[in-house]
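Reading through the structure tokens given below for one structure.
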Amino acid sequence: MCLGVPGLVVEADELTALVDFWGVRRRVRLDLVDEPVAVGDYVLNHVGFAIRRIPPEDVQITLDMYEQLLKDANRDDLMTADVRSEIEAGSADARLKPRAPADTVENGGARGFSRAAGGDD
């Protein structure tokens, strides 16, 4: 089974994007993505390739589902352990997690991040 990981595009050019995955930033390729991607979009990433732009109306449910998978997964599950180690590798920024933008830039709010439990507000 393959897993696509959702992330927030924080920088983009024609061929690549810098994407934030729960505080861990990685450059991903845009060769395979199904439609144009811009800063502020969420994408589904698989092995370094954005494979799908997540429609704005699906962002929150996608992020909630992914967090539930991490929460419910067996601690011995290798995929989950790998994802958790990547998140922890984000050092202090690992406390930031992507979320659907309830407060958009147009509404004057910060788009795309909220503090995880235990973070400073």
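Since every read-out is calculated from the coordinates, none of them should be taken as a lab result. Quick caveat, the model's predicted, so the values are computed rather than measured. FYI the Cβ positions are ideal-geometry reconstructions off the backbone, even for glycines, and counts take in every protein chain you see.
Worth pointing out:
- Net charge of the neighbourhood of P55, taken over other residues with C-beta under 13 Å away and scored Lys/Arg +1, Asp/Glu -1, is -3.
- Sorted by Cβ density within 10 Å, fewest first, the residues I54, I61: I61, I54
- Of the residues L78, L44, the one with the fewest other Cβ atoms within 10 Å heads the list, and the complete ranking is L78, L44.
- In plain terms, the residue of R75, R26, R53 with the fewest other Cβ atoms within 10 Å comes first and the most crowded comes last, giving R75, R26, R53.
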